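To keep things clear, I will list the structure first and then write my remarks on it.
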Amino acid sequence: MMLGLQNSCIVLNAKAVNSGTLDGGKVHFKMLNPCTADIGQLQVRGHQRVPSDTKEFHEATKRDALMRLKKDLDHLLETVEDTRKTGVQKEMCGFEALYHRFLQEDGPSVEWDRIEKLPEGAVKDYSTLKLPQETHIRDMLDKLVVVKLNGGLGTSMGCHGPKSVIPVRNDLTFLDLTVQQIEHLNKKYDAKVPLVLMNSFNTDVDTEKVIRKYKGFQVQIYTFNQSCYPRISRDSLLPIAKDFDIENDIEAWYPPGHGDFYQSFQNSGLLRKFIEEGREYCFLSNIDNLGATVDIKILNRLIGDDRQGDKPIEFVMEVTDKTRADVKGGTLINYENKLRLLEIAQVPKEHVDDFKSVKTFKFFNTNNIWARLESIERVLNAKTMNMEIIVNNKTLDNGIRVIQLETAVGAAMKCFDDGIGINVPRSRFLPVKKTSDLLLVMSNLYSLKYGSLVMSPQRMFPTTPLVKLGDNHFSKVKEFLSRFANIPDLIELDHLTVSGDVTFGRGVSLRGTVIIIANHGDRIDIPAGAILENKIVSGNMRILDH
């Protein structure tokens, strides 16, 4: 059976075309899209192509791409197995809506001069939140769903398979620690908090194998896959995929960022299931953020005795104080009387320095999100989920230049009512993106308690040290581990920079600011038991006061 998109995605309104008028050489068409109601009218302008005019050329290419997209998607859908067609068609509608907006959008989504100061009380200070009565905690937890974004691979750190199965502490993986955290909550309060993993087609199979080992744990684990979208040729602006045999042409497909969570969560049936169970909120975070644990005080503000006002809070973004290491992180702004996320990609070039200013924008987004389940469903059903598109340009191994259209989960904040920010301690933002982060979480800076990392009381400052390890010798986990006989004492470390061929003996202590640079062709071996405090170690092993 041929399954086209005529009834669900792009439809040309023949009546509108027939009654279209020529206005200064422009033919106006009306585009209907039931999949993405309220997208608005799109004008496809007919004009003579002027090869020398780059802008005109690109506009013509985009117009042609829009007309040809339906044909390409129809062809792709013909290659889908009958049992998968309904689900795939939903995904392709989501892709087509994203593509629609990509063609329509022109220029930055934010006008810099219209950004307003955050209103009083828009960002709550974590220290003002109250702990609930112990007897109420179980009931609150039974209204919560924990969601972890689990779509990423560990390839950037030289590992195979899902990033969540990289050992990070005591041979325990990100996933192990997450399960331990939630099981501890469930046991301590006799609760039934479920764990939901949003996988991608890259991580789904391996994750399903791994979670079997948690069968005896007091945690109900659910999984669902985020969408799988076709990569677009940068030249033709059309999908490069020829069929839906994703495994045999995996480079032609991509997961479209964590902003896809909302629609995929609904498509999976889990959103409605949890609402029917009486659950009210989900807490969503990246699985590699080891600081993103369930916080009882925040939950109490949402549904406990610390709740204020009659209207429920629909969306919470956890932010934390920006430092010079976080200048590229997204921040909260007030725009058109709504709180919204501002990412550096949305900032006009002439204002990038303003965006990076710690004084102008004090907070950055941790990507720890609390969202009301019924509000997610309402926004999705009303087709008003409108997140900024991130255009990710890539060049594949075969040389083909492609575009990935993505969205960020925090960008949905502006679509909800009564959203707030909560300025949380830095300890709730502990991502492991590089081996430099791994060095910190494996060190004596932290101890492990019920799957959660706790900062050592011996550390005089709550901030974590700034660590920079050279990519050539430390970027891959296996090589990184081979360079340390054991992880150095970092309790008193402020800043560490290591570059070149450097190894560390057993029992090394690093304090203050330490810089170790091995020149090309040189090797530096830090001897066992060495104490480096405010030192620069150069290629010829000269040790100088810093």
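Details
- Kirkwood-based shape ratio for the range 345-412, expressed as Rg/Rh from alpha carbons: 1.08
- Summed over the residues of the chain and divided among them, the accessible surface reaches 49 Å² per residue at a probe radius of 1.4 Å.
- For a label point 7 Å along the Cα-to-beta-carbon line of residue 517, residues of the range 466-508 with backbone N under 16 Å: 468-472, 496-502
- Counting DSSP beta bridges with both ends in the chain, the antiparallel % (nearest 5): 50 percent
- Cα gyration tensor shape for the range 90-249, rounded if a/c is under 1.5, else prolate or oblate: oblate
- Counting protein heavy atoms only, the range 379-425 has 43 percent of its accessible area on carbon and sulfur, 1.4 angstrom probe.
- The range 435-538: relative contact order as a whole-number percent, Cα under 8 Å and 6+ apart: 22 percent
- Taking the Cα centre of the range 435-538 as origin and assigning +1 to Lys and Arg Cβ atoms and -1 to Asp and Glu Cβ atoms, the resulting dipole is close to 220 debye.
- Spacing of the two label points (7 Å from each Cα toward its C-beta) at residue 394 and residue 358, in nm: 3.5 nm
- Under the Debye formula (equal points on every Cα, no solvent term), log10 I(q)/I(0) of the range 435-538 at q = 0.15, 0.22 Å⁻¹: -0.58, -1.25
- Values of log10 I(q)/I(0), in the order q = 0.09, 0.10 Å⁻¹, for the chain under a Debye, Cα-only, solvent-free model: -0.77, -0.94
- Each of the peptides 188-196, 91-99 was scored by the mean count of other Cβ atoms within 10 Å over its residues; in descending order, highest first, they stand as 91-99, 188-196.
- Full extension of the chain segment joining residue 235 with residue 503 gains 91.8 nm, where the gain is 0.36 nm per residue of separation less the Cα-Cα distance.
- Cα-based shape type of the range 239-380, given that a ≥ b ≥ c are square roots of the gyration tensor eigenvalues and the cut on a/c is 1.5: oblate
- At R0 = 35 Å, FRET efficiency that the Cβ-Cβ distance of residue 273 and residue 447 yields, to 0.05: 0.40
- Stokes-Einstein D (µm²/s) once Rh is taken as the Kirkwood radius of the range 307-348 over alpha-carbon pairs, at 37 °C in 0.692 mPa s: 262 µm²/s
- Potential extension, residue 117-residue 208 segment - 0.36 nm per residue separation minus Cα distance: 28.2 nm
- Gap separating the Cα centres of the range 397-418 and the range 273-313, nearest whole Å: 24 Å
- Packing-based ranking, highest mean first, of 74-82, 418-426, 252-260 given that Cβ atoms within 10 Å are counted: 252-260, 418-426, 74-82
- Between the listed residues 462, 436, 447, the Cα displaced farthest toward the positive end of the dipole of the range 435-538, a dipole computed from Cβ unit charges relative to the Cα centre, is found at 447.
- The orientation-averaged shadow of the Cα convex hull for the range 114-154, equal to a quarter of the hull surface, comes to 6.9 nm².
- Portion, in percent, of the accessible area of the range 435-538 that falls on carbon or sulfur, probe 1.4 Å: 52 percent
- In a reduced charge model with +1 at each Lys and Arg Cβ and -1 at each Asp and Glu Cβ, the range 232-391 shows a dipole moment near 620 debye about its Cα centre.
- Förster radius 41 Å - calculated FRET efficiency between residue 350 and residue 381, Cβ distance, rounded to 0.05: 0.55
- Unit charges on C-beta of K, R, D, E only; dipole of the chain, Debye: 400 debye
- At least 24 Å along the helix axis (C-alpha) and Kyte average at least -1.0, DSSP helices within the chain: 85-104
- The chain: relative contact order in percent, alpha carbon pairs under 8 Å with at least 6 residues between: 13 percent
The values are calculated or read from the model by the stated rules, or taken from the named source; none is laboratory data. These numbers were taken from a predicted model, which means no experiment stands behind them. Here Cβ is always computed from backbone atoms with ideal geometry, including for glycine, and neighbour counts include all displayed protein chains. With ligands, DNA and RNA removed, areas are computed over all heavy atoms of the protein, side chains included. Shrake-Rupley method; radii C 1.70, N 1.55, O 1.52, S 1.80 Å.
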